[in-house]
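Let me begin by presenting the structure, written as structure tokens, before commenting on it.
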Amino acid sequence: MGVLDELSRLSSAEDFFTFLEVPFDAAVVRVARLHILRRMGQYLRGSEVEDAFTGLDDTEIRALCRGHLEQAYQDFVASTPIAERLFKVHRDAVAPKPPAARPFVPLAALEGAKAP
């Protein structure tokens, strides 16, 4: 089984850190676990697009994955999940809101109405 297959079977952020032998502060992971894994996924997808995995053996792939996890982790040591805005809910929270639509009743809708 390859490293990427083994990664796909892991279920917690701590499992990723343990499997890839990346030291971590549990307090940071407790706050940003999903964000760290999502950012790692973004880095991995970037590597796939650049064909960084082509021709690598499992040891080299493991090292590349380890580097991406370390980088993702450091992103959240230096910043916060809210500041990084990886998830749509965080982006939407700060997105400018469109002005509220003013109610409009066409004059034609009033033509047949009788006053009480």
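Structure values in brief
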read-out	value
Pairs with Cβ under 9 Å, 6+ apart, first in region 27-46 and outside any helix (DSSP H, G or I), second modelled with pLDDT under 95	none
Filter result for Phe53 (surrounded by 13 or more Cβ atoms within 10 Å (Cβ to Cβ) and modelled with pLDDT of 95 or more)	no
Condition check for Asp75: under 16 Å from the mean Cα position of the chain (by Cα), acidic (Asp, Glu) and within 24 Å of Phe87 (Cβ to Cβ)	yes
Matching residues in region 66-113 - criterion: being of a type in the set (Lys, Arg) and touching a residue at least 12 places away in the same chain (Cβ under 8 Å)	Arg66
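The values are calculated or read from the model by the stated rules, or taken from the named source; none is laboratory data. If you're wondering where the values come from, they're calculated on a predicted model, not measured in any experiment. Positions of Cβ are generated from backbone atoms using ideal geometry, with glycine treated the same way; all protein chains shown enter the neighbour counts.
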